[in-house]
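All of the numbers you see were taken from the coordinates with simple rules; none came from a lab. Predicted model only: the values in this text are computed from it and were never measured. Positions of Cβ are generated from backbone atoms using ideal geometry, with glycine treated the same way; all protein chains shown enter the neighbour counts.
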Amino acid sequence: MSVSTAAREPNVFARIVRHRADYLYIAPALGVMLLVIGYPIYDTIYLSFFNTPPSLAMADKIFVGTDNYVRILTSEAFLDVTINTLIWTAFSTFFAFALGLGAALALDRQFVGRGLLRGILLIPYVISAVAAAYIWRWLYHSDFGVIGALAVASGITDRPINFLDNVDTSLPSLIVVNVWKEFSFAMIMMLAGLQTVPEQLHRAAQVDGAGVFQRFWHITMPHLKGVTLVTVLLLLVANLNSFTIPWIMTAGGPAGSSDIWITAIYQLAFERIRFGVASAYSVILFVVMMSMGYFYVRALTGKDEATPG
Amino acid sequence: MAEVRLVDIVKNYGAFTAVDHVSLTIADGEFVALVGPSGCGKTTSLNLVAGLIEQTAGDIFIGDRRVNGLDPKDRDIAMVFQNYALYPNKTVFKNLAFPLKMRKLPRADIDRKVRAAAKVLDIEHLLERRPRELSGGQQQRVALGRALVRDPRAFLMDEPLSNLDAKLRGQMRAELKRFHQDLHATVIYVTHDQLEAVTMADRMAVMNGGKLQQYDTPARVFSNPVNIFVAGFVGSPAMNLLYGLMEGANRVGRDGWAVELSAENAGRAARATGREVVLGARHSTIALHREHVAGAVPGRVYTVEPTGDVTFVHVRVAQTIVVVSVAPSVMLAIDDPVWLGFDQNKLHLFDGTTGDAL
Amino acid sequence: MATFDEFGGLSSLGRRRLLGAAAAVGMAASMPGAARAATAPAGLDTSNWTPEYIASIAGTMEIDTAAECAKVVPLNTKGRVTYWYVGPNQASPQIDHRIDAEFWAAFAKTYPNITVEKQNLDYNQMLNKVRTAALGNAAPMVAKFPILWGVEFAAKGQLMPLKPEDVGFGSDEFWPGALKSVMWNGKSYGIPTNNETMGLIWNAALFQAAGLDPEKPPATWDDLVLYSKAIKDKTGKNGYGLVARTNAGNTPFRFMPQLWAYGGGALDEAEARPGYKSVYLNNAGSKAALQASFDMYVRDRSVPVSALTNTQNENQDPFISGQLGMMISHPSEYAFMLDRASKATGDDKKTAEMVVANMRYGLVPKGPARRAIVFGGSNAHVFDAKVVDGKLDMEAARALLAFSTGPEWSTKIAWTNSNPGNLRGFRTKWMKERLETIKFLNVTTSMLPSGIPFPVIPESGEIMNIIVPDMLQNALTKKMSVAAAADDAARKVKALLTSL
């Protein structure tokens, strides 16, 4: 029987050969991934160094080096779009998480109708984003929207409220819709986490004199650190990628006030047919997301760093 | 410290009665064990005393205060849990300090009390560690410390040793007993292990099916069990029980075995409701003979368990197995014929119909 | 009325007479290949394109499609052609579906041995699908594109050279402006199938309630601004259906006529001989047009607040429920409103029917410079063999083209919302039937001479769908002043054209 020695180098190839059957098992999945994910990523990065004006066929694209990146990073629109993206991502994530946590805490106890309520709260998460976007678009409509009509009818305002056609309120209105759509994802994750809090800890804290809020703060929250981290990271990534709601509701307008990275990329690629620049933009977004993905993987597999408290 | 009184406590969960009219008094400074199989209501009773759940009927007194309806934190009790329930993200110091922090004591007081408790339990050197860095025994001491800082009137312990391996359990048992004696603490200790109860408690309350079966010192519970359940529960190996029928006034037996009763025992047997009588004999009260002796019951060796100090011989008598302890030098083989002699003075008799002792 | 010059653009008043004379001369010389002299194609006097004239020529010519086709491609030819087009969808009126079915049945009867593998695509998806297909060398052989879609493929060398003569027609049988839209670098890459322009539609009842003449549209754009305000002030309903959504094709179709009327434009496309190099987007005329929209949206608040995110679709419901006074739209809008009214129920039905009864069509207002409207329509193209999926069957393609761009079928396919690309179509009995059965057709048809196509360059899409709407939005949201928004847009167009 072989015993692995301290020196690993000579054993690597032997180990691979010994496990070649394992590699065969994962080969198909790996192959599909390379084809569907790996190759497009490679091609996008490759394309980002070229200029592809609409008047030229793709085969005649011109090599411009890092010109596209410079152009994006120094364009005046980039700063605005980046700020929009930060606002969109941060606020959506924060409120979706807070609402989800609140809902999970409320649902963590037994009461009549609990199952029904949980089902209802899941509805926004499961309905199609396109349907949700259109429904909300009409709710918000500046001339004939339901919300505006209710506001006028109840005397709060004398003309329908302008949500989407106003440069100041378009992004916040979209954030509301986004939070509405995804908070129950956070709810489900946190609910699962809450079920794992040991009952005895709560009893011990009760005996020690901790009230409901104190038990939440000292026992529940620290215990949920892992789940919280994962949930927040997943929300961040989803929000950075979130295209359907902004695009269908305002298409980045009015006047670019709700333009975020992903809608800007779409517009560049498919409306203005600038594949080269859009690819460079995509690569920038990709780098940001991969950094977050790195932290996500670390959180999943790393040790919990206990916080003082 | 204070006495704790349960007066006719009932706890129902819907149609299920978890605690059925239990009355107990634990004297000030007394160590009482609540013992019984799972589901007998001992943990529920403990939680009722703690105030974690509310009783359906009955009163609970801690000291001379009636504590019905009071929150746990207002009852002046402290609890030690099976899994210790130490706060995993806090240091040992912060664990000990937590109950005091909840009481909003000033920093200096908290510091003083924590260090005092730590000293008593000899965990001063562990104050900056976290629970996961401690051994099982150390964790238990921290749990005790957390209970200690509260200056409680009574300590409630819910199977605190169940998670430990056998060797550590023995050690901790001794430490807990020492802890109790040093502090003159009132302790209510729940366990399913009758050995723990017997070795540690001043008195033990045996429970089964929500009812209190017997509440007495371990010695008396051992020597005078009030019914078949208690007889079979306390003592290890368990008391041998032979189910038989009265054959005449002074003979008990059943398919293949029979025992003559002494006049006194016959008199007790006569008090049985019916003909069914159960004989109880502890392993140390039965004599094992290699050849037939008058009055002895024949049987065959089923298996032999040498333990070093003593050898337990399992003897098949008719349909039952009777366990007898013999000196380790006695050599026996399986299926050897043996004869068992019962000591009439140490024989227990139980009513076969009601289960009560006769 | 104005006439066409050889570039299909609007000529100024001064030049009209001169060209009118030339038109009379050219009338007699209607030969294939003589398009240079322009005007008076196929026995028509386009200098006199009034509703009365249009009515008078209808039904005066008999067409034998099969015979004409046979001269180009023999009727028993065997072949296979793949064909992509934007056909009738669920929202289209029944009649469109019927005609589409009749077309295919008739083609099968005329050319029984040619199989057509057709794909009816959604308008919003077709362009992306064709772009993707061309990239992957899986393009169809023949495609019918809305006007100006073809230029990007021509610029990339993905289209076969194609002109009317290739299928037996003369260039003089088509609008010069339509022919301009299939030109790239001096060569022709397509055949016009149908052409249309929009008109101004209004609700006569709302006009009346606002104290305006219910039967007359506003004569000028400045009048339109006043009318819009009057309607809002006196009836509380929105006046003009402004459309200003970004990334949407509806927006430039309604805003460019305004720009051109005031003397502005994106480039010099409204000029007699556009070179597509000078930027007009921030000239005085463009700024005046932008100011007019600003006045309506911000100062008078007489247009829907949701204009910034509306497409024309979002104007239709308000109009049919009597909440909108006027809008620029397609000839087919009437058929659409009729359809909606028939599907309405209860009180809505009464309202809808009232609106339909009060619906009027008129010419789009003129501006200080001219009266203008976007020249719309579709062209048929053949893809180059190297990007076609499979082997390009040129004979089958020509057969399909000869059949569909002839007078009979270019008239029939354009039934509800367009006009025949082949001008002889105006002389057929089917045109006569259309004029008799389709309300307002004579009005919308008479806008044709005012039509101006968007700049025929590949960058047109970005200019029209993104830069121009962004300019509108920047001004209407007051993010920039009117002048600054126009300058900003002009700068973007310049940058677009000068970068490779």
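Under Stokes-Einstein, with the Kirkwood radius over Cα pairs standing in for Rh, what whole-number D in µm²/s applies to region A:1-117 at 37 °C and 0.692 mPa s? Each step should come with its number before you reach the end.
On the way: Rh = 21.4 Å.
In µm²/s, the coefficient is 153.
Which one of C:159, B:205, B:222 has its Cα pushed farthest toward the positive end of the charge dipole of the protein assembly as shown, where Lys and Arg give +1 and Asp and Glu give -1 at the Cβ?
Towards the positive end, the residue furthest out is C:159.
In a Debye calculation with equal point scatterers on the alpha-carbon sites of region B:181-272 and no solvent, what is log10 I(q)/I(0) at q = 0.15, 0.22, 0.24, 0.25 Å⁻¹?
For region B:181-272 at q = 0.15, 0.22, 0.24, 0.25 Å⁻¹, log10 I(q)/I(0) is -0.71, -1.09, -1.18, -1.23.
Would you mind counting up the charge near residue B:288? Only other residues with Cβ under 14 Å from its Cβ, with Lys and Arg at +1 and Asp and Glu at -1.
Numbers: positive: B:282, B:290, B:300, B:316; negative: B:291, B:305, B:336, B:343.
Neighbourhood net charge equals 0.
Amide H of residue A:52: which non-local residues (sequence gap of 5 or more, or other chain) have their own amide H closer than 5 Å, using H built in the peptide plane?
Correct list: A:275, A:276, A:277.
Using only the Cα atoms of region B:4-226, construct the convex hull and provide its projected area averaged over every direction, in square nanometres to one decimal.
Details: hull surface 49.3 nm².
Taking the Cα atoms of region B:4-226, their convex hull projects to 12.3 nm² on average.
Quick one: net charge around residue B:220, please, counting Lys, Arg +1 and Asp, Glu -1 for every other residue with C-beta under 13 Å from its C-beta. Display every interim value, and only then the final one.
Details: positive: B:203; negative: B:202, B:216.
In short, -1.
Suppose each label sits 7 Å from its Cα in the direction of the beta carbon; what would the residue B:59-residue C:483 distance come out to in nanometres?
9.4
With each run of n ≥ 4 DSSP H residues scored as -39500 (n - 2.57), what mean residue ellipticity at 222 nm is computed for chain B after dividing by its residue count and rounding to the nearest 500 deg cm²/dmol? Mind showing how you got there, number by number?
Numbers: 9 runs with 93 residues, N = 358.
Result for chain B: -7500 deg cm²/dmol, rounded to the nearest 500.
Using C-alpha positions alone, give me the convex hull volume of chain C per residue in cubic angstrom.
Working: hull volume 66.8 nm³, N = 500.
About 134 Å³ per residue, rounded to a whole number.
Taking the Cα centre of chain A as the origin and placing charges on Cβ (Lys, Arg +1; Asp, Glu -1), which of A:202, A:112, A:147 is farthest toward the positive end of the dipole?
So the residue we want is A:202.
Using the 2.2 N^0.38 Å rule of thumb for compact globular proteins, work out how region C:172-308 stacks up: its C-alpha Rg over that value, please. Walk me through the numbers on the way to the answer.
Working: Rg = 17.7 Å, N = 137, 2.2 N^0.38 = 14.3 Å.
Expressed relative to 2.2 N^0.38 Å, the Cα Rg reads 1.24.
Efficiency by 1/(1 + (r/R0)^6): what FRET value for residue A:225 and residue A:39, r their Cβ-Cβ distance, R0 = 41 Å, to the nearest 0.05? Don't skip to the answer; put the middle values down first.
Details: r = 38 Å, r/R0 = 0.93.
My answer for the efficiency is 0.60.
Note the direction-averaged projected area, equal to a quarter of the hull surface, for the Cα convex hull of region A:71-301, in nm². Working shown, then result.
Details: hull surface 65.1 nm².
Approximately 16.3 nm², given one-decimal rounding.
Report the antiparallel proportion of the DSSP beta bridges in the protein assembly as shown as a percent, rounded to a multiple of 5.
Working: 86 of 119 bridges.
Approximately 70 percent, going by the DSSP bridge assignments.
Once the convex hull of the alpha carbons of the protein assembly as shown is built, what does its volume come to per residue, in cubic angstrom? Present the calculation step by step, with values, prior to reporting the outcome.
On the way: hull volume 343.7 nm³, N = 1167.
Here the figure is 294 Å³ per residue.
At most 14 other Cβ atoms within 10 Å and a DSSP loop assignment: could you name the trypsin sites (Lys or Arg not before Pro) in region C:315-397 that fit? Working shown, then result.
Values: sites: C:340, C:343, C:349, C:350, C:360, C:366, C:370, C:371, C:386, C:391; in loops: C:370, C:386, C:391.
Sparse-neighbourhood loop trypsin sites (Lys or Arg not before Pro): C:386, C:391.
With each pseudo-label sitting 7 Å past Cα toward Cβ, what's the residue B:334-residue C:223 distance in nm, one decimal?
Taking the simple label geometry, residue B:334 and residue C:223 are separated by 11.9 nm.
Please work out the ratio of the alpha-carbon Rg of region B:240-351 to 2.2 N^0.38 Å and round it to two decimals.
Working: Rg = 14.0 Å, N = 112, 2.2 N^0.38 = 13.2 Å.
It is 1.06.
Can you give the angle from 0 to 90° between the axis of helix B:92-102 and the longest principal axis of chain B, with both taken from C-alpha atoms, to the nearest 10?
70
Can you give the average number of partner chain beta-carbon atoms within 10 Å of each beta-carbon in peptide C:305-317, as a whole number? Could the numbers behind the result be given before it?
Values: counts 11, 13, 4, 12, 14, 4, 1, 0, 0, 5, 0, 0, 1.
Counting Cβ atoms of other protein chains within 10 Å of each residue's Cβ and averaging gives 5.
Assuming 0.36 nm per residue, please report the length gained on full extension of the stretch residue A:111 to residue A:159 beyond their Cα-Cα distance. Working shown, then result.
Numbers: separation 48, 0.36 × 48 = 17.28 nm, distance 4.23 nm.
Residue separation times 0.36 nm, minus the Cα-Cα distance, leaves 13.0 nm.
Can you pull the mean other chain C-beta count within 10 Å for peptide C:244-257? Can you show the working numbers first?
Details: counts 4, 5, 10, 11, 3, 0, 0, 0, 0, 0, 0, 0, 0, 0.
Mean number of neighbouring Cβ atoms from other chains: 2.
What is the dipole size for region A:71-301, taken about its Cα centre, with +1 at each Lys and Arg Cβ and -1 at each Asp and Glu Cβ, in debye to the nearest 20? Spell out each step's value before the answer.
Details: 13 positive and 12 negative charges, 126 e Å.
Magnitude of the dipole: close to 600 debye.
Show me the three semi-axes of the equivalent ellipsoid for region B:31-86, from the C-alpha gyration tensor (sqrt of 5 times each eigenvalue), largest first, rounded to whole Å. Numbers along the way, then the final one.
Numbers: eigenvalues 73, 45, 24 Å².
Result for region B:31-86: semi-axes of 19, 15, 11 Å.
When all C-alpha to C-alpha distances in region C:339-411 are sorted into bins of 10 Å, what percent of pairs does each bin hold, rounded to whole numbers?
Once binned at 10 Å, the Cα pair distances of region C:339-411 give 14, 20, 19, 23, 20, 6.
Got a sec to turn the phi values of region B:160-167 into Karplus ³J(HN,Hα) couplings, 6.51 cos²θ - 1.76 cosθ + 1.60 with θ = phi - 60°, whole Hz, x for Gly and Pro?
Coupling constants for region B:160-167: x, 9, 4, 8, 9, 6, 3, 5 Hz.
Please identify the trypsin sites (Lys or Arg not before Pro) of region B:108-181 that satisfy two criteria: DSSP loop assignment and at most 16 other Cβ atoms within 10 Å. Which are they? Don't jump to the answer; show the numbers that get you there.
Values: sites: B:112, B:113, B:115, B:119, B:129, B:132, B:141, B:146, B:150, B:153, B:167, B:169, B:173, B:177, B:178; in loops: B:129, B:150, B:153.
Here the sparse-neighbourhood loop sites are B:129.
Given an 8 Å cut-off on Cα distances and at least 6 residues of separation, report the relative contact order of region B:240-351 as a percent. Don't jump to the answer; show the numbers that get you there.
Details: 244 pairs, mean separation 35.5, N = 112.
For region B:240-351, the relative contact order is 32 percent.
With just the Cα atoms of region C:285-441, tell me how far they stretch along each of the three principal axes, in Å, largest first.
Between the extreme Cα coordinates on each principal axis of region C:285-441 lie 58, 43, 33 Å.
With θ set to phi - 60° and the Karplus curve 6.51 cos²θ - 1.76 cosθ + 1.60, what are the ³J(HN,Hα) couplings of region C:328-333 in order, to the nearest whole Hz, using x for Gly and Pro?
Taking θ as phi minus 60°, the curve returns 8, 7, 5, x, 6, 4 Hz for region C:328-333.
Which part of region A:270-298 falls in the paramagnetic zone of residue A:67, meaning amide N under 13 Å from the point 7 Å along Cα-to-beta-carbon?
Residues A:276-277 fall inside that zone.
Using DSSP, restrict attention to beta bridges with both residues in region B:97-234 and report what percent are antiparallel, rounded to the nearest 5.
Bridges in region B:97-234 are about 55 percent antiparallel.
What 222 nm value per residue comes from the helices of chain C, counting each DSSP H run with n ≥ 4 as -39,500 (n - 2.57) and dividing by all residues, nearest 500 deg cm²/dmol?
Working: 20 runs with 205 residues, N = 500.
Computed ellipticity for chain C at 222 nm equals -12000 deg cm²/dmol.
Projected onto the charge dipole of the protein assembly as shown (+1 at Lys/Arg Cβ, -1 at Asp/Glu Cβ, origin at the Cα centre), which of C:262, B:194, C:123 gives the Cα projection farthest towards the positive end?
It is C:262.
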